[in-house]
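Engineer: Provided herewith is a single structure, encoded as structure tokens, for subsequent inquiry.
The values are calculated or read from the model by the stated rules, or taken from the named source; none is laboratory data. Remember, it's a predicted structure, so these values are computed and weren't measured experimentally. Positions of Cβ are backbone-derived with ideal geometry, glycine not excepted, and every protein chain shown enters the neighbour counts. Side chains included, ligands, DNA and RNA excluded: accessible areas come from the protein's heavy atoms. Shrake-Rupley method; radii C 1.70, N 1.55, O 1.52, S 1.80 Å.
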Amino acid sequence: MMWTTETYQKHFQDNLDQMKKDGRYRTFAVLERICGSFPEAWLYQGDTSKRVTVWCSNDYLGMGQNPVVLQAMEMALKDWGAGSGGTRNIGGNNFIHVQLEHALADWHRKEAGLIFSSGYVSNEATLSALVKLLPGCIVFSDAKNHASMIAGISRHRPEKHVYAHNDLHDLEMKLAAAPADAPKIVACESVYSMDGTIADLRATATLAKKYGALTYLDEVHAVGLYGPNGAGVAERDGVMDMFDVIEGTFGKAFGVSGGYITGSAALVDAVRSHASGFIFTTSLSPVLAAGALASLSVLKTAHDLRARQQKQANRLRKKLTQAGLPLMPSPSHIVPLLIGGAHCCKGVSDWLLAEADIYVQPINYPTVPVGQERLRLTPSPYHTDEMIDKLVDTLDYLWRDQHLPRNYQAA
């Protein structure tokens, strides 16, 4: 049978229909954030709108509405215009880019930094370049690493070993079985975004160095939030020097958009010279770079914001536990509530939005395994005690009314 335009369209539609049947089809809430009223936003549904409280934002500290950040971006727009003008190699290497890279390197106590158009691209481009630069490289990747890390690792099809999540015994077994003379990369995250778990970074890096591996750390859900200067869990744990590459994003606690890596001058220059995701794309808007640099200046001393966020996260966990709701154990600022079942998870999310003006996006496959669908709650310093009480009381009512299971059971 020859494929026709109609055949292709039917194939696409059949795929979408199956996703809807499985409860995996994703709908996007149309939001308009209200500057100065974080975490509230206007939700648009057809011709109507209503004010909602957002409980799933990655703008963890509300920096996207911080006056210092806004002023820096307004000035950059006025002085330099909207776009960069090209790739970094051809006309788009703006002075603010260089300033930001130096500041990031200093923050993570590295020799150099490199910025990308997004956190996804920084992972994918850097890891694929490192694998390409190291012939015969063997990669050891945590089972719950970001999709962007997996994509970067897999691009050039190296030998890859996935070790059980945060399981150092499994990691060592796999490292010990590999040829001693092969170049190796151990890639992990600090805070895992869907479970809220935190890696033992010192032990991970110690193992990696024992077996001669390069260490790659994704801190996207930790930068700005942990450590005396907000530089992440590696700073908090005193192990930044044990990681050859520290990767981060501007799209979460920074409150803007973009990504970056920091490392030795030679490593960063090699990535700059070989990573196609860096070389062949328009550079970050100077407006975003200015916002990220201003945000960094605030994050270095944002002790009160970090303390308030942790306080509210702990309060939410305590209230959910007291209500007997299926809270997944998490030592971080991320508070996951297990639902299990894609249809049920979406139903809970839809009901919260329709009946209580609470917006939290359902998390389903492929972001999490089938059967582990959840609500991923991200309390910020600006979620009030009253907002927390309303959320928990509403969830408790819904669980009682619908007779939903209350006990969390680890997979």
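Engineer: Assess whether residue 69 counts as being within 22 Å of residue 247 (Cα to Cα), of a type in the set (Val, Ile, Thr) and open to solvent by less than 50 Å² (accessible area, probe 1.4 Å). It would help to see each step written out before you state the result.
Structural biologist: Working: within 22 Å of residue 247 (Cα to Cα): yes; of a type in the set (Val, Ile, Thr): yes; open to solvent by less than 50 Å² (accessible area, probe 1.4 Å): yes.
Yes: the conditions hold for residue 69.
Engineer: I'd like the full set of residues that are open to solvent by 40 Å² or more (accessible area, probe 1.4 Å) and not hydroxyl-bearing (Ser, Thr, Tyr), limited to the stretch 195-213.
Structural biologist: Across the stretch 195-213, the qualifying residues are 200, 202, 209, 210, 212.
Engineer: All but one of (1) touching a residue at least 12 places away in the same chain (Cβ under 8 Å); (2) surrounded by fewer than 11 Cβ atoms within 10 Å (Cβ to Cβ); (3) in a helix (DSSP H, G or I) hold for residue 13; which doesn't?
Structural biologist: Looking at each condition in turn, residue 13 falls short on (1).
Engineer: Can you list residue pairs whose Cβ atoms sit under 6 Å apart, with the first residue in the stretch 351-378 being touching a residue at least 24 places away in the same chain (Cβ under 8 Å) and the second being hydrophobic (A, V, I, L, M, F, W, C) and open to solvent by 70 Å² or more (accessible area, probe 1.4 Å)? Count only pairs 6 or more apart in sequence or on different chains.
Structural biologist: 372/411
Engineer: Among the numbered criteria (1) surrounded by 14 or more Cβ atoms within 10 Å (Cβ to Cβ); (2) farther than 30 Å from residue 239 by Cα; (3) among the hydroxyl-bearing types (Ser, Thr, Tyr), which one does residue 57 miss?
Structural biologist: Of the numbered conditions (1) surrounded by 14 or more Cβ atoms within 10 Å (Cβ to Cβ); (2) farther than 30 Å from residue 239 by Cα; (3) among the hydroxyl-bearing types (Ser, Thr, Tyr), the odd one out for residue 57 is (2).
Engineer: Could you tell me which of the residues 144, 210 is among the basic types (Lys, Arg), over 30 Å from residue 61 (Cα atoms) and modelled with pLDDT of 95 or more?
Structural biologist: Of 144, 210, the one residue that is among the basic types (Lys, Arg), over 30 Å from residue 61 (Cα atoms) and modelled with pLDDT of 95 or more is 210.
Engineer: Failed condition for residue 384, given (1) of a type in the set (S, T, N, Q); (2) without any contact (Cβ under 8 Å) to a residue 12 or more places away in the chain; (3) open to solvent by less than 40 Å² (accessible area, probe 1.4 Å), with all others met?
Structural biologist: (3)
Engineer: Considering only residues that are touching a helix residue (DSSP H, G or I) at 6+ places or on another chain (Cβ under 7 Å) and part of a helix (DSSP H, G or I), which ones fall in the stretch 54-69? Spell out how you get there, then give the answer.
Structural biologist: Of the residues in the stretch 54-69, the ones touching a helix residue (DSSP H, G or I) at 6+ places or on another chain (Cβ under 7 Å) are 55, 60-61, 63, 66, 68-69.
Of everything in the stretch 54-69, those that are touching a helix residue (DSSP H, G or I) at 6+ places or on another chain (Cβ under 7 Å) and part of a helix (DSSP H, G or I) turn out to be 63, 68, 69.
Engineer: Next question. Given the structure, is residue 130 in contact (Cβ under 8 Å) with a residue 60 or more places away in the chain, among the hydrophobic types (A, V, I, L, M, F, W, C) and under 21 Å from residue 205 (Cβ atoms)?
Structural biologist: yes
Engineer: Also, I was wondering about something else. Where in the stretch 226-342 are there helices (runs of 4 or more DSSP H), lying wholly inside it, with at least 1 residues that are of a type in the set (A, V, I, L, M) and buried (at least 19 other Cβ atoms within 10 Å of the Cβ)?
Structural biologist: Values: elements: 233-236, 265-274, 276-279, 286-299, 303-322.
So the answer is 233-236, 265-274, 286-299, 303-322.
Engineer: Please work out which one of (1) more than 30 Å from residue 255 (Cβ to Cβ); (2) in contact with a Lys or Arg (Cβ under 8 Å, 6 or more places away or on another chain) is the condition residue 7 fails and give its number.
Structural biologist: (2)
Engineer: Filter the stretch 344-382 down to the residues that are assigned to a loop (DSSP other than H, G, I, E, B), touching a strand residue (DSSP E or B) at 6+ places or on another chain (Cβ under 8 Å) and within 11 Å of residue 54 (Cα to Cα) and list them by number.
Structural biologist: Residues satisfying the conditions are 357, 360, 361, 378, 379.
Engineer: Give the residue that is surrounded by the fewest Cβ atoms within 10 Å (Cβ to Cβ), with candidates limited to residues of the stretch 16-44 that are out of contact with any strand residue (DSSP E or B) (no Cβ under 9 Å at 6 or more places or on another chain) and among the aliphatic types (A, V, I, L, M).
Structural biologist: That would be 16.
Engineer: Let me ask something else about it. What number goes with the only condition from (1) assigned to a loop (DSSP other than H, G, I, E, B); (2) in contact (Cβ under 8 Å) with a residue 60 or more places away in the chain; (3) open to solvent by 90 Å² or more (accessible area, probe 1.4 Å) that residue 51 does not pass?
Structural biologist: (1)
Engineer: I've got another one for you. Quick check: anything in the stretch 24-31 in a strand (DSSP E or B) and in contact (Cβ under 8 Å) with a residue 12 or more places away in the chain?
Structural biologist: Within the stretch 24-31 (the criterion being in a strand (DSSP E or B) and in contact (Cβ under 8 Å) with a residue 12 or more places away in the chain), the answer is yes, since at least one residue qualifies.
Engineer: Just give me the residues in the stretch 20-57 being closer than 11 Å to residue 358 by Cβ and aromatic (Phe, Trp, Tyr), in sequence order.
Structural biologist: Matches in the stretch 20-57: 55 only.
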